[in-house]
Amino acid sequence: MRFYSKVFAFLVIAAACVLSLKAQENFTARNSIYVDAATRGAYYSVNYERIFSQGEKFSKTWQAGFSLLNDVIAFPLGIHFFTGHQRDHFEFGLTIVPYIEKYEKLFSPGNISDKKIYLFPGAGYRYQKPNGGFFFKAIIAPVIYLDPPSDHFWKMGGKLYTGGNLSAGISF
């Protein structure tokens, strides 16, 4: 548990540092499409991300994605904040990944699909030029895994893991 305390302390200190930095205010490439590889949950996903606000301290993005592998379907959704100048940025945010195993049985009588949720409150590095082009980010995060029983969705038992994500794509 000591490691998780260190990760949490890092995220708090990093967020405090972000508030004192200036963000790039002239992003003309506000859209990104990228492939994300994760250590937990949906091991890959294809995502769309949009910068919806640019401010003095940081810029804000939202993310929506899709993953389909064997009998698993997942939909990563996130909000991220980044700061920095030119092309190098510090990023932090939260990604929520609804994850469904045996999804083809989801709406069948005697539903046997298994619904789970992964939460990624992470921080890391983002490479994105203001005018577009290659896009990359590397995030480290404590992964909160929630697996509710099928008969009572809101009675979730949680587990905590370490994890990370690597993403590469294009911004335009």
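What follows is calculated from the coordinates using simple rules that are stated; it is not laboratory data. The shown structure was predicted, so the numbers you read here are calculated from the model rather than taken from an experiment.
Assorted remarks:
- Comparing the stretch 36-93 with the 2.2 N^0.38 Å rule of thumb, its C-alpha radius of gyration ratio is 1.32 (two decimals).
- Cross-link pairs beyond the 19 Å C-alpha cut-off, checked among K60/K159; K137/K159; K115/K159; K115/K155; K60/K129: K60/K159; K137/K159
- Using the Stokes-Einstein relation with a Kirkwood hydrodynamic radius computed over Cα pairs, the translational diffusion coefficient of the stretch 40-172 at 10 °C and a viscosity of 1.306 mPa s comes to 99 µm²/s.
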